[in-house]
1. Regarding the chain, what whole-number volume in Å³ per residue does the convex hull of its Cα atoms give?
2. Going by a ≥ b ≥ c, the root eigenvalues of the Cα gyration tensor, does the range 22-61 fall in the rounded group (a/c under 1.5), the prolate group (a/b larger than b/c) or the oblate group?
3. Measure nothing but the geometry: give the 0 to 90° angle between the long axis through the Cα atoms of 34-47 and the longest principal axis through the Cα atoms of the chain, rounded to 10°.
4. Can you pull the one-decimal nm distance between simple spin-label points at Ser9 and Ile43, each 7 Å off the Cα toward Cβ?
5. For the Cα atoms of the chain, what angle does the longest principal axis make with the long axis of helix 50-61, in degrees from 0 to 90, nearest 10?
6. For the chain, what does the helix formula give at 222 nm: sum of -39500 (n - 2.57) over DSSP H segments with n ≥ 4, over the residue count, nearest 500 deg cm²/dmol?
Amino acid sequence: MAYKDPKFSLYRSKDGAVLGGVCSGLSESFKIDVTIIRILFLIPLLMFGTGALAYIVCWIVLPEKES
């Protein structure tokens with residue numbers, strides 16, 4: 001049985017979401033400004049084209065935040 005920390009979970013959040021809520025959810029989970037998370041997705045997108053793929057995978061895999 002896997003241990004799940006009740007204080008930490010990854011999810012998508014519609015609060016402050018621009019597209020799918022991935023960056024907004026990650027910023028809430030890691031308690032980091034959403035702008036930093038968006039830049040961390042943008043840099044690989046512009047340099048290698050992998051940022052979009054990572055975002056789409058997160059969008060599919062991460063559950064939406066329960067209200």
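1. Roughly 103 Å³ of hull volume per residue.
2. Oblate.
3. The helix 34-47 is inclined about 40 degrees to the chain.
4. 3.0
5. Rounded to the nearest ten degrees, it is 30.
6. Helix-only estimate at 222 nm: -16000 deg cm²/dmol.
Read the figures in this text as sums done on the coordinates, not as results from a lab. Remember, predicted model here, so these are calculated numbers, not experimental data. Methodologically, a virtual Cβ is constructed for each residue, glycine included, from the backbone with ideal geometry; neighbour enumeration extends over all protein chains shown.
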